[in-house]
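Reading through the C-alpha cells given below for one structure.
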Amino acid sequence: MDGQLGVNGENSLTPQLLEQFLELGSPGQSKDELDSEIKSKAPLKICGVKAGGMTSMAIDNLGALWMWGNCPQENSSGEGGLTFVSSFTPIPVWDFHGHTVVKVACGNEHIVALVSAGETHKGDDLVCFSWGGNGHGQLGLGDRESRVRPEIVEKFNQDSQWTAYEVACGAFHTALLTHRKRPSDTLESMCWTFGLGDKGQLGHGTTQSALVPEPVKELPQPVYLVSVDCGLFHTSVVSSAGDVWSWGMEKGLGLCPDATFTGTDAGDAISPLQISGGVHGHKFHDPVQVSCGAAHTVLVAHDGYKLWSWGRGRSGVLGNGKAVDCFAPTIVLWPPLNEDFKQEELNINTGKEEKTTDHKGSDTASEMDKKLSLAMEEVKLLQSKLSVMERYASILHGSIFGKPLDEQDIPISLQNSGTFDMAKEWENMLESADRSKLVRLELFYRNMLAGVKDKMMKKRIQELIKEYLPSSTQGK
C-alpha cells in the first residue's frame, strides 16, 4: 500500500512489469529528445536489486539508481526536515547522474550506495554516499540529522586509503567491507559499522551507537571478507577461507526471544563470535554469500552446492524441515531429493535419445554408457542417503550438546576400529566435560524425562478412561 511494489498503490499476488525501466533520460530532457535517445539505445536491464523496510531499489545496466516505495523527501511544510512520500512506480535518483552506482543497500529509513567517482567504475574509485533517516547515526555522517539527498561518508571519500566494495543495512545500522587501495602489500579487508548499537550489532565490544564508521577490531587479521549482511539487530560476515562471524542480538543469532541460553551463554554478542561449520570444523568451504533475514542467517558455501542456516526458525524459514529455532548452523534440505532424481532421470533420458540418433556409435559404447549411468545413479543415491544421515546426526547432536556434530566429536574407537562401546564412551565424555556442558546435558535430560513422564501419564489416563467407561455403562 506504500508503493514498494512499484506498480500502483494496490497489493499484487502476481509479478508485475515495471515499465519505468524501459526508458531513462536526463534531468530536464524534452520528450522528443528522450524518444530519440530511446530509439538509439538498447533496452535497459536490471543488474541488481535491494529491498529494506518499505523501500525498494534497483541498479540498471547504465549504472543508474532507481527507487520506489517510501522515498525520502523534504518536508513540504516549509520547516525543513525529512519526510517519506510513497512512490508507486520507480523513479531515478538524479543525484548520481553522470556516475555509476555499483552497490546499494537500505534499512528501515536509510539508504547507502557505493558510487564511482567518475562517470564509469574503475578499480578502487568507489565513494560511499548515504541519505534518509539518521536518528541513530546510521548514515555515518557524524551527527543524527536526517538527509534528503545523498551525502559523502567522509571516511570513504575519493581521497581515503580505503575503498568500500560491499555494503549492508540493518534496521538502524550499517556495515561496510573495505580493502586498502592498490598498490597494497596485502590483500586484507576490514569491516566497518555505524548506527544503532544497543544490541551489540556494531561488534565494537559495547552497546553504544556510533555516528561515524568504526572498524570491527576483534575480527582477526589478516583476513579477506567476501560478504556481509545485516538482520534487524545482528550482523554476519564470511571470509574467503570459509570462516563466519556473527554479532548482535542473542549471541549474533538475531531475534530469538525463546532462546534457552543460560549462565555465561546468555545475552547479546557485542563482539564477533565465530560460527562453527559442522562436521568439517569451523570452516564453511568455498563460501559464496551470507544473507540475513530479520532474525535468521543463511550461508551459501561449497561453491553454491550447499546451504546452511541458523537463527529463528518459525514458518520453516531455515529450510531444514522444522519450524524451531537453531542456535547453530543446520544444513538446508536443498536440492529436494525428488527434484534431484527427476533431473538425473532427465539427463539419462536425454542421453539415451542422443544415442539413438547417433548411428555411428557402437553397441559396446552404448552398453558402457548404460553401465556408467546406472553406476552414477547408485552413487547419487548413496550420496543422498549419506547426506540425510549427516543432517540427522548433526541435528541430534545439536539437540543434546547445543552445537552441530564436529569431526572431533566422533569417538576415536569408532574411527579406528569401527566398534563402539556406548557405556564406556558416554563415561569418557562425562569425565572430560566442563561444567557448562554438564549443565546443558542435565537440562536436556530433565526436559526429555519430563516429556516421557508426561506421555506416560497421558497414556495411563487414556487406559483408565477406557477401563472405566465399559464398567460404568454395564452398571446402568
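Under the definition of Cα pairs under 8 Å and six or more residues apart, what whole-number percent is the relative contact order of the range 45-166?
Averaging sequence separation for qualifying contacts and normalising by length gives 19 percent for the range 45-166.
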Inset, instruction - Collect residues whose amide H, placed 1.01 Å from N in the peptide plane, falls under 5 Å from the amide H of ALA328; neighbours closer than 5 in sequence don't count. - result: GLY311
Legend entry - Ordering of 224-237, 428-441 by burial proxy (mean other Cβ atoms within 10 Å per residue, highest first): 224-237, 428-441
Inset, instruction - Take the Cβ-Cβ distance between LEU438 and ALA393 as r, set R0 to 22 Å, and report the resulting FRET efficiency rounded to the nearest 0.05. - result: 0.50
Inset, instruction - Work out from phi, with θ = phi - 60° and the Karplus expression 6.51 cos²θ - 1.76 cosθ + 1.60, the ³J(HN,Hα) of each residue of the range 156-169, listed in order in whole Hz, and give x for Gly and Pro. - result: 10, 7, 5, 9, 5, 6, 10, 10, 7, 10, 9, 9, 8, 10
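Which order, highest average first, do 191-199, 58-66 follow once you tally other Cβ atoms within 10 Å for each residue and take the mean per peptide? Display every interim value, and only then the final one.
On the way: 191-199: 24.4, 58-66: 19.6.
Descending packing order for the listed peptides: 191-199, 58-66.
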Inset, instruction - Return the long-range amide H neighbours of ASP286 (sequence gap of 5 or more, or a different chain), with a cut-off of under 5 Å between placed amide H atoms. - result: HIS302
Inset, instruction - Determine the gain in length on full extension of the stretch ALA323-THR207; use 0.36 nm per residue of separation and subtract their C-alpha separation, reporting nm with one decimal. - result: 38.7 nm
Legend entry - Gain on full stretching of the segment that runs from ILE91 to TRP426 - 0.36 nm per residue minus C-alpha separation: 114.2 nm
Legend entry - Anisotropy class of the range 90-129 from Cα gyration tensor, a/c 1.5 cut: oblate
Legend entry - Label point at THR186 placed 7 Å out along Cα→Cβ; residues across the range 209-236 whose backbone nitrogen lies under 11 Å: 220-224
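Can you order the peptides 241-248, 459-466 by their average number of other Cβ atoms within 10 Å per residue, highest first?
Output ranking for 241-248, 459-466: 241-248, 459-466.
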Legend entry - Whole-Hz ³J(HN,Hα) from phi, Karplus 6.51 cos²θ - 1.76 cosθ + 1.60, for the range 316-324, glycine and proline x: x, 5, 7, x, 9, x, 10, 10, 10
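Does the range 98-204 classify as rounded, prolate or oblate by the C-alpha gyration tensor (a ≥ b ≥ c root eigenvalues; a/c under 1.5 gives rounded; else a/b over b/c gives prolate, otherwise oblate)?
Verdict is oblate for the range 98-204.
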Inset, instruction - Find how much the distance from MET376 to MET457 grows on full extension, using 0.36 nm per residue of separation minus their present alpha carbon separation; answer in nm with one decimal. - result: 24.1 nm
Legend entry - Cα-Cα over 23 Å, subset of LYS45/LYS103; LYS322/LYS424; LYS50/LYS217; LYS306/LYS380: LYS322/LYS424; LYS50/LYS217
Legend entry - For the range 72-148 versus the range 159-209, the gap between their alpha-carbon centres in whole angstrom: 18 Å
Legend entry - Accessible area (Å², 1.4 Å probe, nearest 10) - GLU425: 40 Å²
Legend entry - Using θ = phi - 60° and Karplus 6.51 cos²θ - 1.76 cosθ + 1.60, couplings along the range 229-243 (whole Hz; Gly, Pro as x): 7, 10, x, 4, 9, 8, 9, 9, 9, 9, 9, 5, 7, x, 8
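The values are calculated or read from the model by the stated rules, or taken from the named source; none is laboratory data. Quick caveat, the model's predicted, so the values are computed rather than measured. Cβ coordinates were reconstructed from backbone atoms using ideal geometry, including for glycine residues, and neighbour counts include every protein chain displayed. Remember, those area values only see protein heavy atoms, side chains included, never the ligands or the DNA or RNA. Shrake-Rupley method; radii C 1.70, N 1.55, O 1.52, S 1.80 Å.
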